[in-house]
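Sending over a structure as structure tokens; questions will come in a sec.
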Amino acid sequence: MSNQTDFLNRRLHSLLGVIPVGFFLLEHFYTNYHATQGADAFVEAVNFLWAIPLLPVLEIFFIFIPLMYHAFYGLYIVFRAKNNVSQFGTFRNYMFVIQRITGVITLIFIIWHVWQTRIQLLFDSTPTAHELAMDTASILSNDVTAILYGIAVISTVFHFCNGMWSFLVSWGITIGPRAQLVSTWVWIVAFVVISYFGISSILAFNDPNFAINVTALQ
Amino acid sequence: MSEQTAVVEQQKTVHLIFTRQDGPDSKPYKEEFHVPYRKNMNIISAMMEIQRNPVNSKGETVAPIQWESNCLEEVCGACSMVINGKPRQACTALVDKLQQPIRIGPMNTFPVVRDLVVNRGRMFDALKKVKAWIPVDGTHDLGPAPRQSAIEQQWRYELSKCMTCGVCLEACPNVNDNSAFIGPFAVGQVTLFNAHPTGALNKEERTDALISDGGLQQCGNSQNCVQACPKGIPLTTAIATMNREATKHMFKKWLSF
Ligand code: HEM
Ligand code: FES
């Protein structure tokens, strides 16, 4: 019998990109978008998440491990390709390369982002949601950081949306050229909408009034 | 006056730059040629010109360019090479339609035997691996074949145009020395034989082989293959079709332990 572990690994990589990692991305953007409604709304959204039972277990098994698998198997895929857009400058070939570049940007960003907003917090004794809001606002009040976050958000959303396009092909859902073209447009729209949510959240934290409001709440 | 034009016409040349290689393990090098222009020349006839008079642009007599070709009408696939950056057939690469100097090299995805001659043996291995045939051999009478609809026939006709030329492998970013990917064409062939009413009897076997190491899963959807295929085979549609088959196949296998 032939060896199919390669197939299973690749399909697992593809599936994990959507469930749970893609799902988590959307949830994460949804929570953060509350910041646009003011510090109050954001704190409430964070407290709602923190009330989920067994949260650390969920975080490890539902986010961390799947993401690590997707990221490191993704790197393996990235470095095995011999990109050739200079020879074949077609739309899909560009998407292929950008999918790989944005994957690497996303990985670098996630390491930095988790360090800043998560690991460093652990050094504090248990922070409150207010403190978290405060810390995030102070991180993003730096315009350079906010711009880097903005670039990372767009890159990640691109990776997710183009990844969804490719997921639908990889599982045999969009088969013919017409279905794939419609899917391209659907995911372009999704890219714009999700990026809008992400960027608005960053701008909300970047706004000096946000920090003032958090302090007032405390 | 007309005599003068004729002379100028005669002196018109085609400038060719070849990437040559003397043997499988020799180092590749570039060599330039200027061959006399004729109307409607293609790359094969330009190389035949070099065969006739193997003198390079520096005036040195050298070994003529080695290449493979058979049909001269883009149905055998033997003359595939990289012309001005694109893998394609030399016999249908018309000099009038190419920008000069014309740069010609072998398809490096395959082991180079000499000059433009490459060994496409891995494609044959891939076809064997995925069982790209219909096993109907035997001495007994198998009766008439099942009837087929015209739509099915048309779909299979498109897929059957594959001439194993290797262009889709050369174009694919995931076919290279670091990967074991057998290439888009093999997926097209499995789709072809699985779509045949008699071939469908061995459908599962082919799908199973297609998703083994280096198989279908290595496609990363750059879709270069469908753009590059000289026969216009709907390779990406075949890939997505087989992706659906593979999804079903995977669940069926899992649920029937
Ligand atoms: C927020 C985090 C991420 C999300 C939501 C995500 C999502 C996705 C999705 C949905 C796909 C499509 C799967 C398919 O083609 O079938 C995908 C593909 C891919 N991802 Fe990610 N991804 C993330 C992070 C990463 C990271 C950190 C890397 C590491 C470099 C990476 C590398 C890749 C690669 C190379 C592909 C293409 C696979 C292929 O073409 O077969 N991804 N991703
Ligand atoms: S000689 Fe047969 S395809 Fe060119």
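Shape call for region B:121-255 from the C-alpha gyration tensor, a ≥ b ≥ c root eigenvalues: rounded (a/c under 1.5), prolate (a/b greater than b/c) or oblate?
Prolate, because a/c is 1.5 or more and a/b exceeds b/c.
If we count every other residue with Cβ under 15 angstrom of residue A:146's Cβ, Lys/Arg +1 and Asp/Glu -1, where does the sum land?
Here the count lands on -3.
Roughly speaking, what is the stretch gain from residue B:94 to residue B:40, that is 0.36 nm per residue apart minus the C-alpha to C-alpha distance, in nm to one decimal?
18.8 nm
Which value at 222 nm does chain B reach when only helices count, each DSSP H run of 4 or more adding -39,500 (n - 2.57), with the total divided by all residues and rounded to the nearest 500 deg cm²/dmol?
-10500 deg cm²/dmol
In nm², what is the average projected area of the convex hull enclosing the Cα atoms of region B:185-231?
Averaged projected hull area, Cα only: 3.7 nm².
Compactness ratio of region A:21-123: Cα Rg over 2.2 N^0.38 Å, N = residue count?
Normalised Rg, Cα atoms only: 1.37.
Can you compute log10 of I(q)/I(0) for region B:3-118 with the Debye formula, treating each Cα as one identical point scatterer, at q = 0.09, 0.18, 0.19 Å⁻¹?
-0.23, -0.90, -1.00
While we're looking at this one, here's another question. Decide, for region B:178-257, between rounded, prolate and oblate: order the square roots of the alpha carbon gyration tensor eigenvalues as a ≥ b ≥ c, take rounded if a/c falls under 1.5, and otherwise choose prolate if a/b is larger than b/c, else oblate.
oblate
Based on alpha-carbon positions alone, could you give the equivalent ellipsoid semi-axes of chain A from the gyration tensor, as √(5λ), descending, whole Å?
Over the Cα atoms of chain A, the ellipsoid semi-axes are 34, 20, 16 Å.
What order do you get for B:165, B:76, B:229 when you list them from fewest to most C-beta neighbours inside 10 Å?
So the residues, fewest neighbours to most, are B:76, B:229, B:165.
How large is the charge dipole for chain A, taken about the Cα centre, if only the Cβ atoms of Lys, Arg (+1) and Asp, Glu (-1) carry charge, to the nearest 20 debye?
Computed about the Cα centre, the dipole is about 1220 debye.
Can you list the residues of region A:20-36 with backbone N under 12 Å from a point 7 Å past the Cα of residue A:69, pointing along Cα to Cβ?
Hits in region A:20-36 for residue A:69 at 12 Å: A:20-21.
Within 10 Å of each residue's Cβ, count the other Cβ atoms and sort B:248, B:129 from fewest upward.
Fewest-to-most ranking of B:248, B:129: B:248, B:129.
List the Cys residues of chain B that have no partner Cys with a C-beta closer than 4.7 Å.
B:79, B:91, B:162, B:165, B:172, B:219, B:229
Using only alpha carbon positions, build the gyration tensor of region B:217-257, then give the equivalent ellipsoid semi-axes as the square roots of 5 times its eigenvalues, largest first, whole angstrom.
Equivalent ellipsoid semi-axes, largest first: 28, 10, 5 Å.
Averaged over every viewing direction, what's the projected area of the C-alpha convex hull for the protein assembly as shown? Give it in nm², one decimal, please.
Value for the protein assembly as shown: 33.8 nm².
Could I ask something else about it? Provide the FRET efficiency to the nearest 0.05 for the residue B:248-residue A:98 pair, computing r from the beta carbons and using R0 = 41 Å.
With a Förster radius of 41 Å, E is 0.85.
Short version: ³J(HN,Hα) in whole Hz for each residue of region A:59-75, in order, from phi by Karplus 6.51 cos²θ - 1.76 cosθ + 1.60 (θ = phi - 60°), x for Gly and Pro, what are they?
For region A:59-75, the Karplus curve yields 4, 6, 8, 9, 10, 4, 5, x, 5, 4, 4, 4, 5, 6, 5, x, 4 Hz.
Here's a follow-up. State the three equivalent ellipsoid semi-axes of chain B, derived from the C-alpha gyration tensor as the square roots of 5 times its eigenvalues, in descending order and whole Å.
That gives 43, 20, 16 Å for the three semi-axes.
Could you name the aspartates and glutamates whose alpha carbon sits less than 12 Å from that of residue B:131, not counting residues in the same chain fewer than 8 places away?
Within the straight-line cut-off, residue B:131 pairs with B:204, B:205, B:208.
Run the count for region B:3-118, please: Lys pairs, Cα-Cα under 24 angstrom, 8 or more apart or on different chains.
Close lysine pairs under the 24 Å cut-off: 12.
Here's another thing I want to ask about it. Got a sec? How would B:213, B:115, B:208, A:124 order by Cβ neighbour count within 10 Å, fewest to most?
Sorted ascending by nearby Cβ count, the order is A:124, B:213, B:208, B:115.
Values in this text are rule-based calculations from the coordinates and carry no lab data. Bear in mind the structure is a predicted one, so any value in this text is a computation, not a measurement. FYI the Cβ positions are ideal-geometry reconstructions off the backbone, even for glycines, and counts take in every protein chain you see.
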